[in-house]
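What follows is a set of notes on a single structure, which appears directly below.
The values are calculated or read from the model by the stated rules, or taken from the named source; none is laboratory data. The model shown is predicted, which means the values in this text are computed figures rather than measured ones. Positions of Cβ are generated from backbone atoms using ideal geometry, with glycine treated the same way; all protein chains shown enter the neighbour counts.
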Amino acid sequence: MPPWQLPRVEDGQVFSSSQLPPQPVLVMFLAVHCPFVKHVEPELARLDQDYRGRVSLVGIGSNSLQTHPEDGPQYMVTQKQRLGMELHYLHDADQAVAQAFHAACTPDFFLFDANHTLVYRGQLDGSRPSNGVSCDGADLRAALDAVLTGEPVAALQRPSVGCNIKWHPGAEPAWFG
């Protein structure tokens with residue numbers, strides 16, 4: 001896992017990857033305004049509750065506040081409270097962490113095993129805001145359950161689909177787009 005240090009949205013205190021316990025870690029790139037994230041919010045809240053204590057959940061907001069101020073820390077706090085989530089919710093103001101992960105969209109999911117080695121990067125499930133498929137987190141839950149039981153994670157990993165990360169104007173990474 002790329003190392004990082006980011007402020008928590010609740011209090012601005014810095015939280016770093018080195019503070020994570022030796023257990024699986026799910027890093028999720030999220031946004032408040034994105035319709036894809038809004039669509040999966042209930043399932044994100046269920047994941048937070050179902051895997052609490054067994055998997056460290058980290059949410060990161062990396063969208064540019066120059067272009068999307070509605071994704072700022074104060075709105076992230078409201079989102080977290082509304083969903084009743086206990087994840088570490090962090091703000092990536094300079095977008096360095098999103099670039100280190102090569103995050104592409106919101107939501108984007110990165111699952112690391114207890115050694116913090118990437119084992120899954122893919123979609124939550126096949127649900128989309130307008131396709132009528134139930135949002136149940138099937139793909140990500142299968143990966144989480146495999147990691148927790150010591151089984152291999154499926155090799156077939158479908159990419160996340162969502163809103164592009166909103167990069168600072170003129171600062172889009174070379175690999176993007």
Failed item in (1) modelled with pLDDT of 95 or more; (2) in contact with a Lys or Arg (Cβ under 9 Å, 6 or more places away or on another chain); (3) more than 17 Å from V58 (Cα to Cα); (4) not aromatic (F, W, Y), with A138 passing the rest: (2)
Here the residues within segment 1-32 that are outside any strand (DSSP E or B) and in contact with a Cys (Cβ under 8 Å, 6 or more places away or on another chain) are A31
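Identify, please: which residue in segment 120-177 is polar (S, T, N, Q) and in contact with a strand residue (DSSP E or B) (Cβ under 6 Å, 6 or more places away or on another chain) and is, among those, nearest to Q66 (Cα to Cα)? Outline the logic, then answer.
Taking segment 120-177 first, the residues polar (S, T, N, Q) are 123, 127, 130-131, 134, 149, 157, 160, 164.
Narrowing the set further to residues that are in contact with a strand residue (DSSP E or B) (Cβ under 6 Å, 6 or more places away or on another chain) leaves 157, 160, 164.
Values: Q157: 33, S160: 25, N164: 15 Å.
Only one residue fits best here, namely N164.
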